[in-house]
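For reference, the structure is listed below as structure tokens.
Any read-out appearing in this document is the output of simple, stated calculations on the displayed coordinates, not a laboratory observation. Please read all numbers here as calculations on a predicted model, not as lab measurements. FYI the Cβ positions are ideal-geometry reconstructions off the backbone, even for glycines, and counts take in every protein chain you see.
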Amino acid sequence: MAATYYHLYVKTYCGFCKKAVELLTKKEKEFIVTLLDHSSSMERAIKRKYKYETVPMIIEVKVDTMEILEEGETKPHSDVIKEAQYSFIGGYTELEQHLTKERRSLTCIKG
């Protein structure tokens, strides 16, 4: 089973960070947020990794899950991550473009 979620690196004072959260909420997308306000070393590391200097920094994560049966359980869980693919999107503007492109692709497939 495959699933997609977004990982946002944000700061509380950032208007574009807030807009990114609002957009993903409106589009009913799953996401997690890492707040960088009190971790300058993490902020520097993420900026270096993705060669991006502003927040938000948004990553699309596609995960494949597998079903497992824990000891003593009668129904398998399909929420165990088997593999994950990470794609750096950019900031709020790039997120908007990405979601618009995604919507167009789905429309073409259905059409």
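Brief remarks follow.
- With respect to the chain, whose longest principal axis is taken over its alpha-carbon atoms, helix 15-26 is tilted by about 30°.
- Local net charge near Tyr5, Cβ-Cβ under 9 Å (Lys/Arg +1, Asp/Glu -1): 0
- If you count Lys pairs in the chain whose Cα atoms are under 16 Å apart, skipping same-chain pairs closer than 8 places in sequence, the total is 12.
- Measuring nothing but how far apart in sequence close Cα pairs (under 8 Å, 6+ apart) lie, relative to its length, segment 1-84 scores a relative contact order of 37 percent.
- Rounded to the nearest 20 debye, dipole of segment 2-110 from Cβ charges on Lys, Arg, Asp, Glu: 720
- Couplings 3J(HN,Hα) for segment 97-102, derived from phi with the Karplus relation 6.51 cos²θ - 1.76 cosθ + 1.60 (θ = phi - 60°), are 4, 4, 5, 5, 4, 4 Hz, where x marks Gly and Pro.
- Across segment 59-75, rounded Karplus estimates of 3J(HN,Hα) from the backbone phi angles (6.51 cos²θ - 1.76 cosθ + 1.60, θ = phi - 60°) give 10, 8, 10, 10, 10, 9, 10, 9, 8, 9, 10, 6, 4, x, 9, 9, 10 Hz, Gly and Pro being marked x.
- Net +/- balance of residues flanking Val61 in space, Cβ distance below 15 Å, scoring K and R +1, D and E -1: -2
- Overall form of segment 1-59 per C-alpha gyration tensor (a/c, 1.5; a/b vs b/c): oblate
- Loop sites in segment 1-84: chymotrypsin sites (Phe, Trp or Tyr not before Pro), DSSP, at most 15 other Cβ within 10 Å: Tyr13
- For a modelled paramagnetic label at Lys75, 7 Å from Cα along Cα-to-Cβ, the residues of segment 1-17 in reach, with backbone nitrogen under 19 Å, are 1-2.
- Over the chain, all Cα pairs binned in 5 Å intervals from 0 give whole-percent P(r) values of 2, 11, 18, 19, 16, 13, 9, 7, 4, 1, listed from short to long.
- Length gained when the stretch Thr93-Tyr50 is fully extended (0.36 nm per residue, less Cα-Cα span): 13.9 nm
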